[in-house]
């Protein structure tokens, strides 16, 4: 290649860098899809839908069935859709009565940390809660809380569902409603600054409830959430897992040591808390007890640093 | 069936998304109407998520 050709090639590259060609309509369409727009449609994964209806029905049949109940909804935003892919229950330690429900947010925080270990794109999309009567719209009290809360969500917008139970044979659900037997979920969006909720069309599509497995260790999550959240906030190499306990699934927290060859493992099953050290394929049981998991982990770290 | 070469921007986004999927497990998004590639879901920072979870208001 002649020196003149080299100079021309360099000039061409510099021009391309400084003046890139405008995107074609198709490419522009792909680029535009990266931007989150207002929610025009709610998509609920079918396993999420089954979870919500089943847990609502089970709640109504329980000793606390007269209370309101609810779930935090996690998922992704794509184009003008909100897609619900995980549900976090209000928890046994919720504060609730016939006219209110406040979720156990400490347990939901831990559950969120666990499910997002493998799904970092999940974000809070909104909330579903129930009303004891047949009012299918959020109340004024709901609005006062939600309108501030949506400011912290992506796009300043959230999805809100109201669950109700009533027998109305022959009733045809609206496009923003889901119905199964006597139970109805009515769906709305609310954006920061809006004066009221808007109906949002809902559809069910094949997909998982990524938080469903956590139900098997939800008691352990609620029991240890405060201390495990602290641990996860203070230490970098903390991972959670669900494993086989002696009687039922157990919640496991694994703290990798700096050399990464060894780790401290804590197994929580019911009220039982057991500590182990894993070193390659070898697992050693620690002969001490402490139900306060964070203190137990720090005691183990101290012991192992000697 | 219609085939066409990817535009430069599409190609870059697809390569980046595939790399993100292989190396970090990032999600590839498909348009469910025609299965075309529509990007990858961005990771959401823990702080943003935890803050929203902690501040869920009481409902009535």
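Overview of values
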read-out	value
Pick from the range A:89-108, criterion crowded, with 23+ Cβ neighbours inside 10 Å and at the interface with another protein chain (Cβ under 8 Å from one of its Cβ atoms), ranking: nearest to residue A:64 (Cα to Cα)	A:103
Per-region count, the range A:116-127, residues out of contact with any helix residue (DSSP H, G or I) (no Cβ under 7 Å at 6 or more places or on another chain) and either facing another protein chain (nearest Cβ under 10 Å) or closer than 18 Å to residue A:51 by Cα (or both)	7
Residue A:267 vs. criteria touching a strand residue (DSSP E or B) at 6+ places or on another chain (Cβ under 7 Å) and either within 18 Å of residue A:108 (Cα to Cα) or modelled with pLDDT under 95 (or both)	no
Residues that are within 14 Å of chain B (Cβ to nearest Cβ), surrounded by fewer than 18 Cβ atoms within 10 Å (Cβ to Cβ) and farther than 16 Å from residue A:82 by Cα, drawn from the range A:193-230	A:226, A:230
Among (1) modelled with pLDDT of 85 or more; (2) more than 8 Å from every other protein chain (Cβ to nearest Cβ), the one test that residue B:56 misses	(2)
Among residues of the range A:133-153, those that are farther than 20 Å from residue A:98 by Cα, surrounded by 19 or more Cβ atoms within 10 Å (Cβ to Cβ) and more than 7 Å from every other protein chain (Cβ to nearest Cβ), counted	2
Filter result for the condition that a residue is facing chain B (nearest Cβ under 10 Å), under 25 Å from residue A:40 (Cα atoms) and modelled with pLDDT of 95 or more, over A:130, A:189, A:184, A:164	A:130
Scope the range B:27-47; condition within 7 Å of chain A (Cβ to nearest Cβ) and either touching a helix residue (DSSP H, G or I) at 6+ places or on another chain (Cβ under 7 Å) or within 27 Å of residue A:228 (Cα to Cα) (or both); matching residues	B:38, B:39, B:42, B:43, B:44
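Residue-wise test of (1) touching a strand residue (DSSP E or B) at 6+ places or on another chain (Cβ under 8 Å); (2) in a strand (DSSP E or B); (3) without any contact (Cβ under 8 Å) to a residue 12 or more places away in the chain; (4) assigned by TED's automatic domain parsing to the domain that holds residue A:54.
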residue	(1), (2), (3), (4)
A:120	no, no, yes, yes
A:124	yes, yes, no, yes
A:134	yes, no, no, yes
A:146	yes, no, no, yes
A:151	no, no, no, yes
A:158	yes, yes, no, yes
A:163	yes, yes, no, yes
A:188	yes, yes, no, yes
A:194	no, no, no, yes
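The values are calculated or read from the model by the stated rules, or taken from the named source; none is laboratory data. Note that this is a predicted model, so its numbers are computed, not measured. We place every Cβ from the backbone using ideal geometry, glycine too, and count neighbours over all the protein chains shown.
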